[in-house]
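Encoded as structure tokens, the structure appears first; notes follow it.
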Amino acid sequence: MLTVMRVDSQPPAVGAAFWVSSGAAPAVGPDVQVPPSRHRTTALLSSANHNLWTDPRELFPASENCKVAAIKCRNAENKTISEQRPQSVKSAARVAMVLKDVPIDNITRPLGRNEVIGLLFRLTIFGAVTYFTIKWMVDVIDPTRKQKVEAQKQAEKLMRRIGVENVKLSDYEMSIAAHLVDPLSMQITWRDIAGLDEVITELKETVILPVEKRHLFLNSKLLQPPKGVLLYGPPGCGKTLIAKATAKEAGFRFVNLQPSTLTDKWYGESQKLAAAVFSLAVKLQPSIIFIDEIDSFLRSRSNSDHEATAMMKAQFMSLWDGLDTDHHYQVIIMGATNRPQDLDSAILRRMPTRFYINLPGDRQREDILRLILMNENVDESVDLKLVAKEADGFSGSDLREMCRDAALLCVRDFVHNESSSSEENGPIRAIGQADLQTSINKMKRSKTANIPGVLVHATLD
Ligand SMILES: Nc1ncnc2c1ncn2[C@@H]1O[C@H](COP(=O)(O)OP(=O)(O)OP(=O)(O)O)[C@@H](O)[C@H]1O
Ligand SMILES: [Mg+2]
């Protein structure tokens, strides 16, 4: 046991080590307290010349009643005793070595005003240096740091381009703002979508109009734009296309939210990012938060969900509710999925406005074909009605792929003829009915070889 002793006066330039083995608590001096101890209690003073060991009774005459068990002097005569010096003495000696440099006055007297200020100043500097060092280290080991910095720069540029000014954004909001869509850079307009006129008209009337003509519905809580819109249906039928056209044409700020943006390795960061999505959308309103393949992000909650994911989903839903309670917010969350049955039922409830984007019918396929082949070199004899009929069950994306394949057949013929004759050939021939028919047959074969995965109209309620 180590007893720390307070001494008022500087001891002589000698050091002493002693231990008390008596059971009683002897007084070793007016200010030196040695507690009663069954064990050997070590009190130690070390001098500037700490190699010198002397009799403590010389230092503390009042400690006569201490039973000094061993004293080692510099020129120790009794080596046996010094070798038997207990471990506690050694460790106490080490402590004393550290303390010996501190003037005893500094410990006993109260600090002056200047010293307190100096101490506080040094502590502040120390704290700041520690904080920035740790921050720097965290930045260095953060693998996503570069992306974050770039995202911020991109966000600032984007905001300037889309005319967002005088809006203060937090760091989290900035990283979400990097996903803002610049309408000028979008190529897709309503005219690039064929066969979905009904859906487009309904979307314009139920979603865009209430925001555009807001002044007409100010007093009605019913006639507010929906807070959630879901586009669902089989793959390749134009859901993403509609969202892109909305971003271009609606005149809203459009955040194309990638679920990966919300994932962060640090605990609690994902929730802050999720909150930033909503706060940013409110700051930039009227706005649309678009989540493509929303089923991957907000799928049915289960026990196997990671804690962070479950928390983020729950938070997302409660923030979404926040939009609902205040009808002045003009923020719409739009999702697209081809697996609506995988969506959490609570999410479905929050998306009451749903548009089913089904596989195109005969007439719609013809419209899509006409749109796709509009600027291509197509033979006049081609009957698009017949082609559309032949392409039964094809999605918009299939039709596009089929047309591309037919155009490639022409290019292949051209390249083949060019290599077989050295003479200069004419331009690439126009796409004919036969080319389209060949491509349709080819696509049908490849489609039947695929696992049947065409989605039927899923019941959502
Ligand atoms: N109605 C359409 N009019 C014109 N082109 C279409 C239409 N539908 C699909 N396409 C073509 O198909 C491509 C894919 O469409 P889109 O990405 O919108 O499909 P999706 O419904 O989002 O599919 P997924 O569910 O797989 O994401 C489009 O880029 C476009 O070229
Ligand atoms: Mg899509």
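The values are calculated or read from the model by the stated rules, or taken from the named source; none is laboratory data. Only a predicted model underlies this, so the values are computations on that prediction, with no experimental measurement involved. Because the Cβ atoms are built from the backbone with ideal geometry, glycine has one as well, and the counts that use them run over all protein chains shown. Just the protein is used for accessible areas: all its heavy atoms, side chains included, with ligands, DNA and RNA removed. Shrake-Rupley method; radii C 1.70, N 1.55, O 1.52, S 1.80 Å.
Assuming R0 = 35 Å, can you tell me the calculated FRET efficiency for the pair Leu209 and Ser302, based on Cβ-Cβ distance, to the nearest 0.05?
E(calc), rounded to 0.05, equals 0.35.
Please go through segment 204-295 and write out the chymotrypsin sites (Phe, Trp or Tyr not before Pro) that DSSP classes as loop and that have at most 12 other C-beta atoms within 10 Å.
Loop-located and lightly packed - Trp266, Tyr267.
Can you give the percent of C-alpha pairs in segment 148-356 whose distance is more than 24 Å?
In whole percent, the long-distance tail amounts to 40.
Let me understand segment 362-449 better: what is its radius of gyration from the alpha carbons, and its Dmax, in angstrom?
13.9, 45
So, R0 is 41 Å and r is the distance between the beta-carbons of Asn114 and Asp139; what FRET efficiency does that work out to, to 0.05?
Efficiency computed from Cβ-Cβ geometry: 0.65.
Taking amide H positions as placed in the peptide plane 1.01 Å from N, state which residues far from Thr353 in sequence (5 or more) or on other chains have amide H under 5 Å from it.
Those qualifying (amide H under 5 Å, at least 5 residues apart or on another chain) are Gly228, Leu230.
With the crude spin-label approximation of a point 7 Å out along Cα→Cβ, what separation in nm comes out for Ala314 versus Lys272?
Going by the 7 Å Cα→Cβ label model, 2.0 nm.
Can you flag which of Lys227/Lys283; Lys272/Lys313; Lys389/Lys442; Lys157/Lys239; Lys148/Lys272; Lys385/Lys447 are past 19 Å Cα-Cα?
Table pairs above 19 Å Cα-Cα are Lys157/Lys239; Lys385/Lys447.
Give, in nm to one decimal, the length gained when the segment between Arg339 and Asp362 is fully stretched (0.36 nm per residue of separation minus the Cα-Cα distance).
Gain on extension, Arg339 to Asp362, equals 5.8 nm.
What whole-number value in Å² describes the accessible area per residue of segment 362-449 for a 1.4 Å probe?
That works out to 63 Å² for each residue.
Accessible area per residue for segment 148-356 in Å², computed with a 1.4 Å probe and the full protein assembly in place, what is it?
With the other protein chains kept in place, segment 148-356 gives 48 Å² per residue.
Given a Förster radius of 41 Å and the C-beta distance between Ile428 and Glu293 as r, what FRET efficiency does 1/(1 + (r/R0)^6) yield to the nearest 0.05?
0.65
For segment 297-347, what is the largest minus smallest coordinate of the Cα atoms on each principal axis, given in angstrom and ordered from greatest to least?
Result for segment 297-347: principal-axis Cα extents of 37, 26, 13 Å.
Could you tell me which GluC sites (Glu not before Pro) in segment 233-319 are loop residues by DSSP with no more than 15 other beta carbons within 10 angstrom of their beta carbon?
Sites meeting the loop and neighbour criteria: Glu293.
In debye, nearest 20, what is the charge dipole magnitude of segment 362-449 about its Cα centre with +1 on Lys and Arg Cβ and -1 on Asp and Glu Cβ, if you could check?
Dipole size: approximately 480 debye.
Which order do the peptides 332-345, 203-216 take when ranked by the mean count of other beta-carbon atoms within 10 Å per residue, highest first?
Ranked by mean Cβ neighbours within 10 Å, highest first: 332-345, 203-216.
Using the 2.2 N^0.38 Å rule of thumb for compact globular proteins, work out how segment 129-247 stacks up: its C-alpha Rg over that value, please.
Expressed relative to 2.2 N^0.38 Å, the Cα Rg reads 1.49.
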